[in-house]
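Below: the structure, in structure tokens.
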Amino acid sequence: MKIAVIVFPGSNCDVDIYEALHSVCGADVEYVSHKATSLDGFDAVMLPGGFSYGDYLRCGAIARFANIIPAIKKMADEGKLVFGTCNGFQILTEMGLLPGALKQNDSMQFVCKPIDLTVENNRTPFTSRYQQDQHIVLPIAHGDGSFYADPSTIDQLEQNRQVVFRYAHENPNGSLNDIAGICNKRGNVLGMMPHPERAVEEILGGTDGLPLFKSLLDHGTVKAEA
């Protein structure tokens with residue numbers, strides 16, 4: 001399984017995801033510039049956190065026009081795995097691969113700390129190594145992480161089990177229904193505000209993010225064997 005990590009101007013978590021996959025999981029992973037126009041040969045794509053150029057207008061609003069975006073949409077349409085964390089989640093909503101939007105935290109302050117989550121759906125390619133309703137701890141670091149969507153969209157997300165992660169005890173940003181991460185109906189596109197790539201080794205404070213990357217790699221192995 002070959003994985004692309006997209007690098008936008010301002011990205012600062014691209015290295016985190018690369019090292020989580022390469023150094024910790026031993027995966028075949030490669031950096032790809034936002035200027036590239038093809039993702040041929042890749043089986044999955046990661047949109048990292050940090051910042052993308054133009055975030056001062058609205059997070060991800062300019063990044064969605066990058067050269068690489070059509071190739072990411074193509075991968076999603078083909079059923080390949082697309083993952084975005086933090087700013088990557090914001091970009092996924094801006095480019096229309098996931099519904100809703102991420103707005104400024106209700107506190108109007110940047111929040112950076114570990115947060116308790118519940119795994120709401122362990123039947124996605126990203127969560128198969130978690131237990132249903134498992135409680136995990138992952139770090140967050142964002143100023144615009146409050147998930148919002150209209151009531152009918154929220155209802156559909158809940159009914160279709162597209163809510164994958166939920167804030168368990170404390171909602172740090174005011175997200176509707178305590179939503180911390182969602183997937184598309186097909187389940188091959190996941191966006192979340194917490195940073196699993198920052199929780200893959202005990203020296204970093206915990207390993208609750210590691211099952212996400214191992215689930216992704218499991219999915220690639222199963223598909224290859226099929």
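The values are calculated or read from the model by the stated rules, or taken from the named source; none is laboratory data. Just so you know, these numbers come straight off a predicted model, no measurement behind them. Cβ placement follows ideal geometry from the backbone for every residue including glycine, while neighbour counts extend to all protein chains displayed.
Return the pairs, sorted by first residue and then second, in which the second residue is among the basic types (Lys, Arg) and surrounded by fewer than 19 Cβ atoms within 10 Å (Cβ to Cβ), the first residue lies in the range 60-84 and is in contact (Cβ under 8 Å) with a residue 60 or more places away in the chain and on the phi > 0 side of the Ramachandran plot, the beta carbons are less than 8 Å apart, and the residues are 6+ apart or on different chains.
What qualifies is Gly79/Arg186.
Any chance the range 106-114 includes a residue that's in contact with a Pro (Cβ under 6 Å, 6 or more places away or on another chain), in a loop (DSSP other than H, G, I, E, B), of a type outside the set (Val, Ile, Thr) and at pLDDT below 95?
Scanning the range 106-114, I find no residue that is in contact with a Pro (Cβ under 6 Å, 6 or more places away or on another chain), in a loop (DSSP other than H, G, I, E, B), of a type outside the set (Val, Ile, Thr) and at pLDDT below 95, so the answer is no.
Looking at Phe165, Phe213 in this structure, which one is in contact with a strand residue (DSSP E or B) (Cβ under 8 Å, 6 or more places away or on another chain), touching a residue at least 24 places away in the same chain (Cβ under 8 Å) and closer than 28 Å to Ser52 by Cα?
After ruling out the rest, the residue left standing is Phe165.
Within the range 36-85, how many residues turn out to be of a type in the set (Phe, Trp, Tyr) and part of a loop (DSSP other than H, G, I, E, B)? Steps first, please.
If we filter the range 36-85 for residues that are of a type in the set (Phe, Trp, Tyr), which is where we start, we get 42, 51, 53, 56, 65, 83.
Now drop any that are not part of a loop (DSSP other than H, G, I, E, B), which leaves 42, 51, 53, 56.
Summing the residues that are of a type in the set (Phe, Trp, Tyr) and part of a loop (DSSP other than H, G, I, E, B) in the range 36-85 gives 4.
Within the range 161-186, track down each residue that is surrounded by 20 or more Cβ atoms within 10 Å (Cβ to Cβ) and part of a loop (DSSP other than H, G, I, E, B).
Hits for the range 161-186 are Gln162, Pro172, Asn173, Ser175.
If I ask for residues that are without any contact (Cβ under 8 Å) to a residue 40 or more places away in the chain and either touching a helix residue (DSSP H, G or I) at 6+ places or on another chain (Cβ under 8 Å) or at negative phi (or both), which ones from the range 119-147 would you list?
Scanning the range 119-147 gives Asn122, Gln131, Gln132, Gln134, His135, Gly143.
Can you say whether Leu97 is surrounded by 15 or more Cβ atoms within 10 Å (Cβ to Cβ), in a loop (DSSP other than H, G, I, E, B) and among the hydrophobic types (A, V, I, L, M, F, W, C), as far as the supplied structure shows?
yes
When residues of the range 196-210 are filtered for being free of Cβ contacts under 8 Å to residues at least 60 places away in the same chain and among the hydrophobic types (A, V, I, L, M, F, W, C), how many remain? Show your work before the answer.
Just the residues of the range 196-210 that are free of Cβ contacts under 8 Å to residues at least 60 places away in the same chain, to begin with: 202-204, 207.
Those still in the list that are among the hydrophobic types (A, V, I, L, M, F, W, C) too: 203-204.
Going through the range 196-210 one residue at a time, the tally reaches 2.
Among the residues that make up the range 24-38, is at least one of them of a type in the set (S, T, N, Q) and under 26 Å from Ser152 (Cβ atoms)?
no
Could you grab me the full set of residues in the range 170-204 that are modelled with pLDDT under 95 and not β-branched (Val, Ile, Thr)?
Result: Leu204, single match.
Residues that are assigned to a loop (DSSP other than H, G, I, E, B) and without any contact (Cβ under 8 Å) to a residue 12 or more places away in the chain: does the range 148-156 have at least one?
Taking every residue of the range 148-156 in turn, at least one turns out to be assigned to a loop (DSSP other than H, G, I, E, B) and without any contact (Cβ under 8 Å) to a residue 12 or more places away in the chain.
If only one of Ile6, Ile17 is in contact with a helix residue (DSSP H, G or I) (Cβ under 8 Å, 6 or more places away or on another chain), outside any strand (DSSP E or B), under 21 Å from Gly145 (Cα atoms) and modelled with pLDDT of 95 or more, which one is it?
Among Ile6, Ile17, only Ile17 is in contact with a helix residue (DSSP H, G or I) (Cβ under 8 Å, 6 or more places away or on another chain), outside any strand (DSSP E or B), under 21 Å from Gly145 (Cα atoms) and modelled with pLDDT of 95 or more.
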